[in-house]
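*Asks:* Provided herewith is a single structure, encoded as structure tokens, for subsequent inquiry.
The values are calculated or read from the model by the stated rules, or taken from the named source; none is laboratory data. Keep in mind that this is a model prediction, so the values were computed, not measured. So basically every Cβ, Gly included, is an ideal-geometry build from the backbone, and we count neighbours across all protein chains shown.
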Amino acid sequence: MVSPTDKRVDIPIENGFVGMVDRDAFDEWLRARAAGSGAQRQIGSFERLTRDDDGVSVVHYQARERPGDAASVPRSVRARCVIGADGARSAVARQAIAGAERNPCVFAYHEIVRAPPAKPVGYDGSRCDVYYRGSLSPDFYGWVFPHGDTLSIGTGSADKGFSLRAAVGRLRSDSGLQDAQTLRREGAPIPMKPLRRWDNGRDVLLAGDAAGVVAPASGEGIYYAMASGRLAAEAVESALQTGDGRCCGRRGAAS
């Protein structure tokens, strides 16, 4: 951890570790694992929820052959239960959960770079570096997180006038990583607190960032996404077995 005055303190985790994943590979592994368990994969962009004459939810989406394709075809599917896991500012949440659109967020930006063969002075590929410095973020923090052969270098802020890209450029220079090969650049909102409700009491519930479940001090969300995803699946299973959509809300509240 690096303070605003550049004091550096190592905080070891005894008998534990901080797990880091490359989302580009990890997310696809999760999708393939779901397909291996019987899920039918569909590539597309969510548009809206409606209900048919029987009151069953209908998910409308733009289907694509491959991720990133410009061409799409409108499709829909009936669903007895819907799990919204579409990130902070979830479109599913905004349509189905009252007040979801008001949840505050920080915007985060990072650059994935290849770990350099010649390590800069002070670099440790087994350590997560967190910077609290106004030039990197006026209200959040900057980071250098190792992912094996790659690194995530980023920052975040709720200040819309603050240049996150410029701040990441400064952080790369300060940490000696300015010449590392940039593989991709990404940005996304991070919710600052959980939603008051994660379900509509009937047939829609949320998981992960869509529900606002992240670590409040760090914005870390992978663990909470995995845990809440499991809880959501268990709640849907109960609802399907009993026919009682209220199981979704009770399961989340009980956990």
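*Asks:* Every residue in region 177-236 that is surrounded by 15 or more Cβ atoms within 10 Å (Cβ to Cβ), outside any loop (DSSP other than H, G, I, E, B) and aromatic (F, W, Y), please.
*Replies:* Y224
*Asks:* Does A34 satisfy the condition of being hydrophobic (A, V, I, L, M, F, W, C) and either part of a helix (DSSP H, G or I) or surrounded by 12 or more Cβ atoms within 10 Å (Cβ to Cβ) (or both)?
*Replies:* yes
*Asks:* Tell me, which strands (runs of 3 or more DSSP E) wholly within region 104-175 include 3 or more residues that are touching a residue at least 12 places away in the same chain (Cβ under 8 Å) and crowded, with 19+ Cβ neighbours inside 10 Å?
*Replies:* 105-114, 142-147, 150-157
*Asks:* Among the listed residues R31, R94, identify the single one that is out of contact with any strand residue (DSSP E or B) (no Cβ under 7 Å at 6 or more places or on another chain), basic (K, R) and assigned by TED's automatic domain parsing to the domain that holds D149.
*Replies:* R31
*Asks:* Taking only pairs six or more apart or across chains, which ones have beta-carbon atoms under 9 Å, a first residue in region 5-33 that is under 28 Å from E186 (Cα atoms) and in contact (Cβ under 8 Å) with a residue 12 or more places away in the chain, and a second residue that is of a type in the set (D, E, K, R) and part of a helix (DSSP H, G or I)?
*Replies:* V21/D27
*Asks:* Which members of region 236-247 meet the condition of being of a type outside the set (K, R) and more than 26 Å from R23 (Cα to Cα)?
*Replies:* E237, S238, A239, L240, Q241, T242, G243, D244, G245, C247
*Asks:* Give the residues of region 65-85 that are charged (D, E, K, R) and at pLDDT 95 or above, sorted by residue number.
*Replies:* R75, R78
*Asks:* Let me ask something additional. Kindly indicate whether G87 is outside the structural domain of D244 (by TED's automatic domain parsing) and at positive phi.
*Replies:* The answer is no for G87.
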